[in-house]
Amino acid sequence: MTLTDDQRMLHDSVAPFMADEGSIKTQLRHWRDIGCKDGFGHGLWKQFAELGLTGILIPEAQGGAGLGMVEAGLVLEEVGRNLTPSPFLTTAVAAVRALEGSAQADRWFPGIVAGEMVAALAIDEGRSHDPAKVSLAATRSGNGFTLNGAKQFVVHGASADVVLVAARTAGAPGETDGITLFAVERDASGLQVDNVALADSSKAARLTFENVSVDADAVVGEVDDGWTPLSRALRSGRAGAASELVGVAAGASDMTLDYLKQRKQFGKLIGEYQVLQHRAAHLFGEIEIARAAALKAAQLLDAGDPRADLFVSVAKAKAGRTSALAVQEGVQMHGGIGMTDEHDIGLYMKREAVLSEMFGSHRFHAAEVARLSGY
Amino acid sequence: MTDLDAFRAETRAWLEANCPAEMRTPMRTEKDACWGGRHFEFQSEAQKQWLTVMGERGWTVPDWPASYGGGGLSAAEAKVLKEEMAAIGARPPLTSFGISMLGPALLKFGTEEQKKDYLPQIARGEIRWCQGYSEPGAGSDLAGLQTKAEDGGDHYVVKGQKVWTSYADEADWIFCLVRTSTETKHGGISFLLFDMESPGVSTKPILLISGNSPFCETFFDDVKVPKDQLVGEENKGWDVAKYLLGHEREMISGMGLGGERQALGASVGEVEPLLRAEIAAFDVDVLAFAAMSERFIDQLKAGEAHPAMPSLMKYAGTELNKRRHELIMAAGGSDALEWDSERSRGGKSARDWLRTKANSIEGGTSEIQLGIVAKHILRLPGA
Ligand SMILES: Cc1cc2nc3c(=O)[nH]c(=O)nc-3n(C[C@H](O)[C@H](O)[C@H](O)COP(=O)(O)OP(=O)(O)OC[C@H]3O[C@@H](n4cnc5c(N)ncnc54)[C@H](O)[C@@H]3O)c2cc1C
Ligand SMILES: Cc1cc2nc3c(=O)[nH]c(=O)nc-3n(C[C@H](O)[C@H](O)[C@H](O)COP(=O)(O)OP(=O)(O)OC[C@H]3O[C@@H](n4cnc5c(N)ncnc54)[C@H](O)[C@@H]3O)c2cc1C
């Protein structure tokens, strides 16, 4: 589990790019402070495209880089470290995986590769992640379908050109059979989009579908078998979120370590106090473990290994708990200054909260680990 | 078929033909571990035979050079061997401080003669070793040790006391830290090997809270040790000691996996929901740690691992192993508290649980490991 030369090169080019162009000051704070409706900059998304990142998972034949989740994870760790707001995780990772191999891919991939399109996923209907519990109804009408129902936590929903909507064409909520995935244009008539700002200043819409008509060719994959493309999107989205969480943890921890080396109290650098040293060392270990788990999940996904689902859940759960620890320790060890908006450490705490919930909390994934292990 | 596939096929066939059926069953008590050595009483003919055939092939130490009694396997081949052994549930043929601690130190610091002399015997399980590091006044502060080795011409005269020496009363030889100079704390330590039957060596067992007695106080009363049994240079034993500790920590960290990569939850049966949730959270941690172990080994082999990483592995692995046994006890309820009954297999869960409490003490405490990480990896001030 060491990186190849190509992977190292990718990391070495992405890390400084994200630290400069994607920095907290120029991106997150900038868009937040001017009250941007997208919560991210389209200019930066275009730069992602110029670096070949938007098409990182798209096959070379379709204009992408044809790389895998290990590479996407390297990018996401730097995204997390710099709290860089972008639709990379939802669009370039999860949506691309959902669309791959379908007729809809030909329609949306060129725009994604060019950094001109954003895609969003509309999966969850309740306040916690439970992707099989789809009840939004898609009923056949004419040569297409009519959608009725509601979705929430649709990250970048208001900025998206296309929304991938999990709807029920058969079966009952809780069943994985009978779900169909639709690619719906955001400005479809009858689709109401309420743009909601989240704690971390990113945006996730609430969508209401009132007799939204779509053609039959809006179906991604097969009717009643939306679980197949949805699972691809979820696996990669979860593994990707784990990598981003590792980046959030590492960014918060680096910031805290710097502070421990410069802040003096009682005539000593606070980093000299053993109680803080041991907590910092413990945290470092947890981050290393989470990073290894995320890498393992990505490698198994790339290899098409049957253990991938188990390790994806291990990675998401471990990275979620680890980054929660990192941001909590980060704010605490910064003392009072950590509570101020002016300081960046609190921004890590807010991002962690959102990312941890996205694609399933650590509790959801621990339960998955139990289920996949047979208990 | 690649060379590695061919190697796998041969290995599988050889193991099938040579691993006795009895050695493919899980170990039930501490006694099932094969320690070898002059005084070892084999539990069965199968145990003895398994050690013999594996030792002859050098497969007790698959990646040591064949010229020193090892298997001469590449890292990839050694991994295949490990996987194939795991596939049939083969027990380790030998449990040995010689393999996991002294051997690597000799390979790095030993003279050619010492390597030729000791390593093949270690590989075949002919010498059982113990580790003479800790003293009553020198535990975490190991370099504070006082046991003296005075110059006697062609030999040293060793006097002093060690403590917590695991299996000193059953070991044939000891690798021992002694003070050869008092000028500097770290710079006056030397690393000696000697026979526990040398005149002047005595041991006194100490009983553990688990009811077992695996370690001793060890006394040296003017023990004569030939000078060619010094490893590395005189007064530079601290380097050897630290190198060896790195390997010891790596070995102990592996215990976090409890010898198995399977989820704990799958083996404990029905438990109440809160405990089940705790176990699931533990399984997340243990599987994630398994990923880190794999990454760490790969980084070690690629020369990319930070030298202080074994401290982190040791810390994380042992804390997990303690948690594993807390959960096993919780799941076992009152059954697990039975100390001597047949039903509890002689109180196995309880004794194992108590034994694991030493994991975060032996080989350097968790606090010491965290201090090392803070100082050498995180570079925190004044650490
Ligand atoms: C919301 C809020 C309201 C406040 N209201 C008031 C108020 O009304 N009046 C007022 O006077 N103050 C107030 N404070 C200030 C508060 O008392 C200080 O923030 C607090 O005492 C910590 O000091 P510090 O921020 O300088 O952190 P530091 O002292 O710099 O501490 C930084 C970190 O180092 C650790 N640390 C420091 N010394 C040691 C040590 N010896 N051993 C181990 N760890 C150590 C700390 O625990 C902390 O984790 C408020 C703070 C906040 C956040
Ligand atoms: C089962 C078992 C087997 C062992 N086998 C062997 C063996 O074969 N050979 C051998 O030589 N030794 C052996 N040991 C000894 C072991 O290495 C020591 O017990 C260990 O290094 C701790 O030393 P100590 O017991 O003197 O504790 P102390 O050093 O007295 O520590 C007491 C407590 O103080 C803490 N502490 C000490 N210094 C610091 C510090 N600087 N910062 C923060 N906390 C600190 C420790 O972490 C610990 O919690 C064994 C121990 C056990 C339990």
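The values are calculated or read from the model by the stated rules, or taken from the named source; none is laboratory data. Quantities reported herein were computed from a predicted structural model and do not represent experimental measurements. Cβ placement follows ideal geometry from the backbone for every residue including glycine, while neighbour counts extend to all protein chains displayed. Side chains included, ligands, DNA and RNA excluded: accessible areas come from the protein's heavy atoms. Shrake-Rupley method; radii C 1.70, N 1.55, O 1.52, S 1.80 Å.
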ask   = Of the conditions (1) part of a loop (DSSP other than H, G, I, E, B); (2) within 14 Å of another protein chain (Cβ to nearest Cβ), B:W339 fails just one. Which one is it?
value = (2)
remark   = A:S253: passes all of (1) within 16 Å of ligand 1 (Cβ to nearest atom); (2) among the polar types (S, T, N, Q); (3) out of contact with any Asp or Glu (no Cβ under 9 Å at 6 or more places or on another chain) but (3)
task = Give the range A:79-88 a look and list any residue that's in a helix (DSSP H, G or I) and open to solvent by 10 Å² or more (accessible area, probe 1.4 Å), or say none.
result = A:R81
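Just give me the residues in the range A:142-156 being modelled with pLDDT of 95 or more and surrounded by fewer than 19 Cβ atoms within 10 Å (Cβ to Cβ), in sequence order.
A:G144, A:T146, A:N148, A:A150, A:Q152
Report yes if some residue within the range A:367-375 is within 14 Å of chain B (Cβ to nearest Cβ), among the charged types (D, E, K, R) and under 12 Å from A:R238 (Cβ atoms); otherwise report no.
Checked the range A:367-375: at least one residue is within 14 Å of chain B (Cβ to nearest Cβ), among the charged types (D, E, K, R) and under 12 Å from A:R238 (Cβ atoms).
A:S361 - would you say it is over 22 Å from the mean Cα position of the chain (by Cα) and open to solvent by 10 Å² or more (accessible area, probe 1.4 Å)?
Considered against the rule, which asks whether it is over 22 Å from the mean Cα position of the chain (by Cα) and open to solvent by 10 Å² or more (accessible area, probe 1.4 Å), A:S361 comes out as no.
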ask   = If you take the residues in the range B:167-189 that are assigned to a strand (DSSP E or B) and open to solvent by less than 30 Å² (accessible area, probe 1.4 Å), which one is farthest from ligand 1 (Cβ to nearest atom)?
value = B:I174
ask   = Across the range A:279-292, what is the number of residues that are within 7 Å of chain B (Cβ to nearest Cβ) and open to solvent by less than 30 Å² (accessible area, probe 1.4 Å)?
value = 7
query = Are any of the residues in the range B:190-197 within 9 Å of ligand 2 (Cβ to nearest atom), assigned to a strand (DSSP E or B) and buried (at least 16 other Cβ atoms within 10 Å of the Cβ)?
reply = no
query = Taking A:D187, is it assigned to a helix (DSSP H, G or I) and among the acidic types (D, E)?
reply = no
message = Take the conditions of a type in the set (S, T, Y), within 16 Å of ligand 1 (Cβ to nearest atom) and open to solvent by less than 30 Å² (accessible area, probe 1.4 Å) and apply them to A:S231. Does it pass?
response = no
Exclusive hit being of a type outside the set (D, E, K, R), in a helix (DSSP H, G or I) and within 16 Å of ligand 2 (Cβ to nearest atom), set A:Q277, A:Q328 = A:Q277
message = I'm trying to understand the selection: among the residues of the range B:125-148, which are within 10 Å of ligand 2 (Cβ to nearest atom), out of contact with any Leu (no Cβ under 9 Å at 6 or more places or on another chain) and open to solvent by 30 Å² or more (accessible area, probe 1.4 Å)?
response = B:P136, B:G139, B:S140, B:D141
ask   = Is there any pair with a first residue in the range B:339-363 that is at pLDDT below 90 and a second that is within 16 Å of ligand 2 (Cβ to nearest atom) and open to solvent by less than 30 Å² (accessible area, probe 1.4 Å) whose Cβ atoms are under 8 Å apart and which are 6 or more apart or on different chains, and what are they?
value = none
note = If you go through A:L269, A:L295, A:L260, the only one that is of a type outside the set (S, T, Y), open to solvent by 10 Å² or more (accessible area, probe 1.4 Å), in contact (Cβ under 8 Å) with a residue 40 or more places away in the chain and facing another protein chain (nearest Cβ under 10 Å) is A:L295
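Does A:R238 satisfy being closer than 23 Å to A:W108 by Cα, within 14 Å of chain B (Cβ to nearest Cβ), more than 16 Å from ligand 1 (Cβ to nearest atom) and surrounded by 15 or more Cβ atoms within 10 Å (Cβ to Cβ)?
Values: closer than 23 Å to A:W108 by Cα: yes; within 14 Å of chain B (Cβ to nearest Cβ): yes; more than 16 Å from ligand 1 (Cβ to nearest atom): yes; surrounded by 15 or more Cβ atoms within 10 Å (Cβ to Cβ): yes.
Judged against the criteria, A:R238 is a match.
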Residue within the range A:351-358 that is within 27 Å of B:A277 (Cβ to Cβ), in a helix (DSSP H, G or I) and within 16 Å of ligand 1 (Cβ to nearest atom) present = no
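Select from the range B:335-371 the residues that are among the acidic types (D, E) and more than 16 Å from ligand 1 (Cβ to nearest atom) and write down the one among them that is nearest to B:S210 (Cα to Cα).
Filtering first and then ranking leaves B:D352.
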ask   = Has the range A:321-336 got any residue that is of a type in the set (S, T, Y) and open to solvent by 50 Å² or more (accessible area, probe 1.4 Å)?
value = no
remark   = The residue from A:L234, A:L257, A:L245 that alone is among the hydrophobic types (A, V, I, L, M, F, W, C) and in contact with a Gly (Cβ under 7 Å, 6 or more places away or on another chain) is A:L245
task = Return the only residue of A:A132, A:A105 being outside any helix (DSSP H, G or I) and surrounded by fewer than 24 Cβ atoms within 10 Å (Cβ to Cβ).
result = A:A132
ask   = Taking A:V312 and the conditions (1) under 28 Å from B:Q369 (Cα atoms); (2) in contact with a Lys or Arg (Cβ under 6 Å, 6 or more places away or on another chain), which numbered condition does it fall short on, given that it satisfies the others?
value = (1)
inquiry  = Which count do you get for residues in the range A:89-102 that are among the small types (G, A, S) and assigned to a helix (DSSP H, G or I)?
reply    = 4
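Test A:K318 against the stated conditions and say whether it is more than 14 Å from ligand 1 (Cβ to nearest atom), charged (D, E, K, R) and open to solvent by less than 10 Å² (accessible area, probe 1.4 Å).
Spelling it out, A:K318 is indeed more than 14 Å from ligand 1 (Cβ to nearest atom), charged (D, E, K, R) and open to solvent by less than 10 Å² (accessible area, probe 1.4 Å).
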task = Scan the range B:277-327 residue by residue and report those that are among the acidic types (D, E), surrounded by fewer than 21 Cβ atoms within 10 Å (Cβ to Cβ) and at the interface with another protein chain (Cβ under 8 Å from one of its Cβ atoms).
result = B:E294, B:D298, B:E304
query = Across the range A:161-176, what is the number of residues that are surrounded by 14 or more Cβ atoms within 10 Å (Cβ to Cβ) and either among the polar types (S, T, N, Q) or part of a loop (DSSP other than H, G, I, E, B) (or both)?
reply = 6
key: Hey, A:L300 under 30 Å from B:P310 (Cα atoms), open to solvent by 20 Å² or more (accessible area, probe 1.4 Å) and more than 16 Å from ligand 2 (Cβ to nearest atom) or not   = no
request  = Could you name every one of the helices (runs of 4 or more DSSP H) located completely within the range B:3-112 that has at least 3 residues being modelled with pLDDT of 95 or more and open to solvent by 30 Å² or more (accessible area, probe 1.4 Å)?
outcome  = B:3-18, B:45-57, B:103-109
inquiry  = Checking A:K350 against (1) in contact with a Lys or Arg (Cβ under 9 Å, 6 or more places away or on another chain); (2) of a type in the set (K, R); (3) open to solvent by 20 Å² or more (accessible area, probe 1.4 Å); (4) touching a residue at least 60 places away in the same chain (Cβ under 8 Å): exactly one of these is not met. Which one?
reply    = (1)
